[in-house]
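*Asks:* What follows is a single structure, and I will ask about it in a moment.
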Amino acid sequence: STDYVFDGTSDRPYVETDKTRPINEYGKSKLAGEQAIQTSDASHVILRTSWVYGSRGKNFLLTIIRLAKERDELRIISDQLGCPTSAMSIAKATRDLIAKFAQSENIATALAPYAGLYHFSSEGVASWYDFACAIVDGMDWQGDRAQPTVTPIPTEAYPTPAKRPKYSVLSKSKFCETFALTVPDWRESLAEVMSHVA
């Protein structure tokens, strides 16, 4: 699921028991999915994550890399805060979570005492501007092209059709304590993913 189930008005990391108030259709559809799973008889673990990116598909990382090669200046929103989270780190956490129950005769039965909703995203806090700066700084600028300037702008300067939460930071304490797993820092994960991007 997603951080977009919240309205972004918090001043501290969201925990799993905080009131959900999605402000766009994407968040509403994800919340509906959570609720459908929670009211089923299935033994389940729901992971809410945020600001997902990867080395494939369409996402913020690949968009910034492309634009940085084309433009002299990137104007990026600086007043929305969240936790950039790589698809690779989500996959690894899911693998490690499953591995904890893989030796059981029945995974669903073993998982039942831990079933529920958990937040999982990278550690640390960043704005889209911080994220873009880290991406541009991590690129190879030894060729003919100069590194572009990254300029911070407010949300109002870049209107989008869908409203986005201003604050999307998730607390990972429940996930880490329950499953004894660690969460990577967003900058470490970004460096790892960028090493796989051409």
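The values are calculated or read from the model by the stated rules, or taken from the named source; none is laboratory data. Note that the coordinates shown come from a computational prediction; the quantities given were computed from them, not determined experimentally. Virtual Cβ from ideal backbone geometry, glycine too; neighbours counted across all protein chains shown. Ligands, DNA and RNA are stripped out before the accessible areas are found, and what is left, the full protein with its side chains, is counted by its heavy atoms. Shrake-Rupley method; radii C 1.70, N 1.55, O 1.52, S 1.80 Å.
*Asks:* Any idea what log10 I(q)/I(0) is at q = 0.12, 0.20, 0.24, 0.30 Å⁻¹ for region 1-62, Debye with uniform C-alpha scatterers and no solvent?
*Replies:* -0.36, -0.88, -1.07, -1.27
*Asks:* How far apart, in nm, are the 7 Å Cα→Cβ label points at Glu188 and Cys176?
*Replies:* Between Glu188 and Cys176, the label points sit 1.1 nm apart.
*Asks:* Nearest 5 is fine: what % of DSSP beta bridges in the chain come out antiparallel, could you say?
*Replies:* In the chain, DSSP labels about 10 percent of beta bridges as antiparallel.
*Asks:* Roughly how many Å² of Ile107 are accessible to a 1.4 Å probe, to the nearest 10?
*Replies:* 80
*Asks:* Please arrange Lys19, Lys58 by accessible surface area, largest first, computed with a 1.4 Å probe and ligands excluded.
*Replies:* Putting Lys19, Lys58 in descending order of accessible area: Lys58, Lys19.
*Asks:* Evaluate E = 1/(1 + (r/R0)^6) for Ile107 and Asp137, where r is the Cβ-Cβ distance and R0 equals 41 Å; express this FRET efficiency to the nearest 0.05.
*Replies:* The value I calculate is 0.45.
*Asks:* On to the next question. Using the Cα atoms as the points, what is the convex hull volume per residue of region 92-138 in Å³?
*Replies:* Convex hull volume per residue, Cα atoms: 97 Å³.
*Asks:* At a 1.4 Å probe radius, which order do Ile37, Ile76 fall into by accessible area, largest first?
*Replies:* Order by accessible area, largest first: Ile37, Ile76.
*Asks:* Can you send over the carbon and sulfur percentage of the accessible area for region 50-91, probe radius 1.4 Å, protein chains only?
*Replies:* Answer for region 50-91 is 51 percent, counting heavy atoms of protein chains only.
*Asks:* Next question, about the same structure. Not counting ligands, DNA or RNA, and with a 1.4 Å probe, what is Cys176's accessible surface area in Å² rounded to the nearest 10?
*Replies:* 30
*Asks:* For labels at Val197 and Arg71 in the simple 7 Å Cα→Cβ model, what's the distance in nm?
*Replies:* Distance between the two pseudo-spin positions: 1.5 nm.
*Asks:* What does the accessible area per residue of region 1-157 come to in Å², with a 1.4 Å probe and no ligands, DNA or RNA counted?
*Replies:* For region 1-157, the per-residue accessible area is 54 Å².
*Asks:* Before anything else, pin down the relative contact order of region 47-198: Cα pairs under 8 Å, at least 6 apart, normalised by residue count, whole percent.
*Replies:* Once divided by the residue count of region 47-198, the mean separation gives 39 percent.
*Asks:* Once you order the gyration tensor axes a ≥ b ≥ c over the Cα atoms, which shape class does region 78-172 get: rounded for a/c under 1.5, otherwise prolate or oblate by comparing a/b with b/c?
*Replies:* Here region 78-172 falls in the oblate category.
*Asks:* Can you give the helix-only mean residue ellipticity at 222 nm for the chain, where every DSSP H stretch with n ≥ 4 adds -39500 (n - 2.57) and the sum goes over all residues, rounded to the nearest 500 deg cm²/dmol?
*Replies:* So the calculated ellipticity at 222 nm is -10000 deg cm²/dmol.
*Asks:* Which residue, chosen from Leu111, Val136, Gly54, occupies the Cα position most advanced towards the positive end of the dipole of region 11-157, where the dipole is computed from +1 (Lys, Arg) and -1 (Asp, Glu) charges on Cβ about the Cα centre?
*Replies:* Leu111
*Asks:* To the nearest Å, what is the center-to-center distance of region 142-172 and region 19-47, using C-alpha atoms only?
*Replies:* One Cα centre to the other: 27 Å.
*Asks:* Something else now. How large is the translational diffusion coefficient of the chain in µm² per second when you combine the Kirkwood radius over alpha carbon pairs with Stokes-Einstein at 10 °C and 1.306 mPa s?
*Replies:* 87
*Asks:* Name the long-range amide H neighbours of Val150: under 5 Å, sequence gap of 5 or more, or other chain; modelled H, no Pro or chain starts.
*Replies:* Leu74
*Asks:* Contour minus end-to-end for Tyr158 and Ala36, with contour as 0.36 nm per residue of separation and end-to-end as the Cα-Cα distance?
*Replies:* Roughly 40.5 nm would be gained on extension.
*Asks:* From the Cα gyration tensor of region 144-198, with a ≥ b ≥ c the square roots of its eigenvalues, which class applies: rounded if a/c is under 1.5, or else prolate if a/b is larger than b/c, or else oblate?
*Replies:* Note, shape of region 144-198 comes out oblate.
*Asks:* Of Lys69, Lys30, Lys163, which has the most accessible area with a 1.4 Å probe, and how do the rest follow in descending order?
*Replies:* Per-residue accessible area, sorted high to low, gives Lys163, Lys69, Lys30.
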